[in-house]
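Reading through the structure tokens given below for one structure.
Values in this text are rule-based calculations from the coordinates and carry no lab data. It should be emphasised that the depicted structure is a prediction, and the values quoted were computed from it without experimental measurement. Note that we place each Cβ from the backbone using ideal geometry, even for glycine, and neighbour counts take in every protein chain shown.
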Amino acid sequence: KQKTAYEISACLVGSEMCIRDRLLLIDIIQEMETEENFNVPRYQDIDKLLLRPSNFAPQDFEPGIELKTMFMQYSKILVIGAGGLGCEILKDLALSGFRDIHVIDMDKIELTNLNRQFLFREKDIGRYKAEVAAEFVEKRVKGVKVTPHKCKIQDLDKEFYEQFQVIIAGLDNMEARRWINSMVHSLVEYDDENKPLRETIRPLIDGGTEGFRGQARIIWPFQSACFECTIETVKRVGNYNFCTIAETPRKPEHCIAYAQLIQWDKEFPGKKIDTDSPQDMQWIFKKAEERAQKYGIVGVTSVSYTHLRAHETPEHLVCRLLLEKKKKKNN
């Protein structure tokens, strides 16, 4: 069976078969692989890391099948985010042989997600991303257990994060990336000489996006530069993900954008917002304030809407108001 699986996988390289046939052959290979048999082509990349010595490895690194078995069967991985990055991360972890994966995502699937988040289908619209992603991966990759968590990362306590050996983040906003960076550092404990205990250090693989920009890095708490240390290298952009505005607003700007971009078109289709009209501004303010109250967000004020200009995005508006407030304070 092992030889047959290898021959089949080799046929995939350079072949012109359609995607459906490729997926069928992958399923056949997975059926041939049992939980006890790690010596299969699917794990050849992991083998290169764990079964041979390296000049770049730590001094106490001992390659061998025992390390591979422990790493793949008993390690517990946390993936934060089941969106564009999260789908890829979950797929790669499962196909690499990791058996115990947890995923956190509080967003629900939107139609606009389907063009790039390949673990979801049209029938899944309206369901939680974490839940659907876990079901899909478990169905396609035998022997993998994926546990979904449909909540904010801030809702889970320190004990929850302590159970993982590695944390991989695929987030779409700065606030969440800063929070998880702080959490992994808080998990570190110290010995009598005030040195970090290695067994309490959990590496954070930070893969994040802001608009069309992306960034990836490995953060070793108190051993490498943390996210806060390098935050200036991440450029801010002036837009928001639609799923954030529609499903998980966190800022006053999100409520403003929802009232402008979604609620206004539903209530007044084909009509443009007149920023010089007190009635239009009051309507937007009222809707934004209602949404802010629903999600427990503070900071939406009527002053913002009297200053709203036609060319401004919600973020431009907030930035301008903050600058004006700063100027008044300096004067």
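Here are some notes:
- Approximating the spin labels as points 7 Å out from Cα along Cα→Cβ, the GLU247-to-ASP274 distance works out to 3.7 nm.
- LYS286/GLN163 FRET efficiency (R0 51 Å; Cβ-Cβ; nearest 0.05): 0.70
- The spacing between region 118-177 and region 82-109, judged by their C-alpha centroids, is 6 Å.
- Working ranking of peptides 165-176, 262-273 by packing, defined as the average number of other Cβ atoms within 10 Å per residue, highest first, is 165-176, 262-273.
- Extension reserve of the LEU111-ASP265 stretch, reckoned as 0.36 nm per residue once the Cα distance is removed: 53.6 nm
- Out-of-range pairs (alpha-carbon distance over 18 Å; input LYS76/LYS195; LYS158/LYS294; LYS48/LYS91; LYS68/LYS158; LYS91/LYS139): LYS76/LYS195; LYS158/LYS294; LYS48/LYS91; LYS68/LYS158
- Once backbone amide H atoms are built at 1.01 Å from N, VAL300 has no partners under 5 Å, excluding neighbours fewer than 5 places away on the same chain.
- Nearest-0.05 FRET efficiency for ARG178 and ARG217, computed from C-beta distance (R0 22 Å): 0.95
- Ordering of 132-144, 115-127 by packing [mean C-beta count within 10 Å, highest first]: 132-144, 115-127
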